[in-house]
Each structure stands twice: as C-alpha cells, then as structure tokens.
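Reading through the structure tokens given below for one structure.
The values are calculated or read from the model by the stated rules, or taken from the named source; none is laboratory data. All values derive from a computational prediction rather than experimental measurement. Using ideal geometry, Cβ is built from the backbone for each residue, glycine included, and neighbour counts are taken over all protein chains shown.
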C-alpha cells in the first residue's frame, strides 16, 4: 500500500548528516511493511532483524555494542554483506532490548555511513517504563499512523478522486455533485473499514464490508495481549478497563473523559497511569481542553480535562457495535457524532496537529482547535448536513480568528471567514 511516510523516509535516506531512524506507531499500523518495502525499493539489499524473536541477536547486544562488531555479527547472522549507503539495516521490535536501542547512539557517532532504521510497537511504553538509556539527540523519529482517508482512496484505486478533493480544498470550490456524493460514499466506507492496513487489505481484496470486523477483532485482541505482556497484572486490568470505556465515554453528551465511567469511585490517581500507557502505546488519541484559545495554545491546556479517542475510527465503530447500515445510509444516530469526531481527530493527528478542544464556561464547546503558524483555527464537526450550532459563533466572537472551519457532509463553500469543508477532505487540513 502506498503511504505518505515514504517521502519522509526518502528524505531521511538522502540526508548528509543522517541519524539512525526510530519509527514509532501502534501495533499493526504497517511499520515493518513500510520499512521492508522501502528497503526493497531504494537499497541494493536489506538486513532485517526482529530482536524480539531472534534472541541470539538480542543476547549479542549484552556485550560490546560498537558498530564495527555489530556489523560483522549481523553479516554472519543473515549471510549478507552490509555495505554503507547501499544496505538498509532494520531492527524490529527494538523496545525488547535496551542495549539495541543504546547502540543507535554509536551508529550515529561512529558509523553514520550506515542506514539504520528501528521500529517498535510499544517503544514509547518501554522507554518510559524501563527508563531506557535513550539516545537523545542521536536519532531521528517518525510516527506511522493508520491510513488516512487519502491513503484509503489510493488503496481502492481512487487516486483521481483524491486529487479532485485536494484541488477543491485549495480553492474552496464545490465539487460537482456526482463527485461529492461519490466521495461521501467512500468516506462512509472508511468509517467502517478504518485505516488499519490489514482491514483495508481485506476490503480491497474482497469488497465486502461484512468481513472487516473479524480482522478488527483480531487487532483489538492483540492490543489486549500487549497490555498483559508489557504491564503488571494490576495495571493490565486498569488499562483494559480504560480502553473498553472509550465508546461509553464518547456516547455521553459531555465527552470529557470521566474516571467514574470506568469504575465507580474511579479517579486520576487510580487510572492516570493506565491512560498514559494507552497514549504512549499509540492506541488512543488524547484531546486536551483549552482554557483560552490564544497563541501558543499548548500553554493554555487544562491537563486535568481531556477526551480520549481511539487511534482508528474503524476500531471504534466495531467496538461500539454501530450497525454498518446506519453508517452507509447516513441515518440519524446520536453516536455517529462521536464516530465523526474520532475520524477528524485521527485525520488531524496524522497531519501532525496536537489535539485540543475549547469550552466557554460550559455554555459552548468547540470540537477542535489547532494552531497553524500564528493562526488559531476553530474546527466544528457536524455528522451530517445540518450545521446549525452556536458554539463556533461564540468562539469567533470571542477570539476573532483569521478563519474557522466547519466540517460536515455539505460541499465546499465559504461565507465570510468561515470555510465549509466536507468531512472527506479533513486530511487536507
């Protein structure tokens, strides 16, 4: 599958002062696939080592981790010559070996001519929990997310449609109605399928939406297995309870995460670390409340109030048990507002935006606020074509932003400084 991160990998490959690469991302978002495919396309050969399953290699890191010694051992292990500038070395599941992570520092300092890329599904969790000797300033980091809607369109051979959407966004020009309805239809498919590569592959190969939840269930089961593997038994129970509560949290009128929904008498002291685990693992997206929507917005975040979204909208739809026909027909359903918000949160995160929302003395609530350069942009999310709401108006009156965005199923349009953007074009923001 074609992924946008490939261009970032090419830029890393061609840098003169190149550092080893660390690729973050939740389990099963395609990290191993993208690195091995990148190696096949842009290098003469690729040396792939899964440190979690290859214990002989992991044990070798316990001794001298100088690059020269490691290169000789790796060549003997895979029976391939490792050539500077021509070989890609991949260390997969690097979080399972602290010394392997530390070795990246020495590749940076003593052997920068080698292309070394490392990936780990629970890298953030392992580094935080084990207090690894992280090679600060000696690695370049990238994060891979599930496929966004544009990548989904590429996967279903609708690249031409994605280009039309981007062109319409750049000029805020309505799409022809036939194209608009076609994009809405694919957007609804995406809400069901989500962006997990295995789910997208299932859909593209079979064209059957009904088969996708089976694959999503497997992914969710793997997440639960990770919780048990990388956390204590007591923490695992808390982590799982927090994760399983997300659909119920988002079903509330006030979607702010409430510990009492997880467990009666729940509190931050009980479940705070569990939520941090989920965030570090990349399986949830945290959206922080803003006290003031002013530049720079990050300093006005209320750290005690937040919403949690799932990393993939398809997993949310499956977990919540939303009927597929409800999504396909666009029928009225209260929970669809939460599904739509999760989709937008996913799109904004994939584009590098930190997630914030804004409230005004609890009389108004704006779904998302982002910062682009000096501009503070309010984003209102509506699940259908009914866009009546007072929250965005209150936000505009209070902060007078250069422009604001309303996402809905309506076509592109502009009125004064309010941009009407179709939900399917959220990946353009």
Exercise for the section: Would you confirm whether any residue within the range 204-217 is closer than 22 Å to residue 422 by Cα, outside the structural domain of residue 97 (by TED's automatic domain parsing) and within 19 Å of the chain's Cα centre (by Cα)? Expected result: no
Exercise for the section: Would you check if residue 270 is surrounded by 13 or more Cβ atoms within 10 Å (Cβ to Cβ), assigned by TED's automatic domain parsing to the domain that holds residue 348 and over 24 Å from the mean Cα position of the chain (by Cα)? Expected result: yes
Handout entry: From 75, 150, residue being touching a helix residue (DSSP H, G or I) at 6+ places or on another chain (Cβ under 7 Å) and assigned to a helix (DSSP H, G or I)
Key = 150
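Within the range 392-403, is even one residue in a strand (DSSP E or B), in contact with a strand residue (DSSP E or B) (Cβ under 9 Å, 6 or more places away or on another chain) and modelled with pLDDT of 95 or more?
The first filter runs over the range 392-403 and keeps only residues in a strand (DSSP E or B), leaving none.
Among the residues of the range 392-403, not one is in a strand (DSSP E or B), in contact with a strand residue (DSSP E or B) (Cβ under 9 Å, 6 or more places away or on another chain) and modelled with pLDDT of 95 or more, which makes the answer no.
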Exercise for the section: Please work out which one of (1) over 19 Å from residue 21 (Cβ atoms); (2) in a helix (DSSP H, G or I); (3) at pLDDT 95 or above is the condition residue 58 fails and give its number. Expected result: (3)
Exercise for the section: Return yes when residue 230 is under 21 Å from residue 317 (Cβ atoms), at pLDDT below 95, out of contact with any strand residue (DSSP E or B) (no Cβ under 6 Å at 6 or more places or on another chain) and crowded, with 20+ Cβ neighbours inside 10 Å and no when it is not. Expected result: no
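Return yes when residue 83 is buried (at least 20 other Cβ atoms within 10 Å of the Cβ), at pLDDT 95 or above and more than 16 Å from residue 23 (Cβ to Cβ) and no when it is not.
Values: buried (at least 20 other Cβ atoms within 10 Å of the Cβ): no; at pLDDT 95 or above: yes; more than 16 Å from residue 23 (Cβ to Cβ): yes.
Taking the combined requirement at face value, the residue does not satisfy it.
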Practice task
Specify which of the listed residues (144, 122) is over 27 Å from residue 75 (Cβ atoms), within 23 Å of the chain's Cα centre (by Cα) and modelled with pLDDT of 95 or more.
Solution key: 144
Problem - Verdict on residue 335 being closer than 23 Å to residue 209 by Cβ, surrounded by fewer than 22 Cβ atoms within 10 Å (Cβ to Cβ), touching a residue at least 60 places away in the same chain (Cβ under 8 Å) and in contact with a helix residue (DSSP H, G or I) (Cβ under 9 Å, 6 or more places away or on another chain) - result: yes
Practice task
Among the residues of the range 165-182, write down those that are outside any loop (DSSP other than H, G, I, E, B) and surrounded by fewer than 17 Cβ atoms within 10 Å (Cβ to Cβ).
Solution key: 166, 167, 170, 171, 177, 178, 179, 181, 182
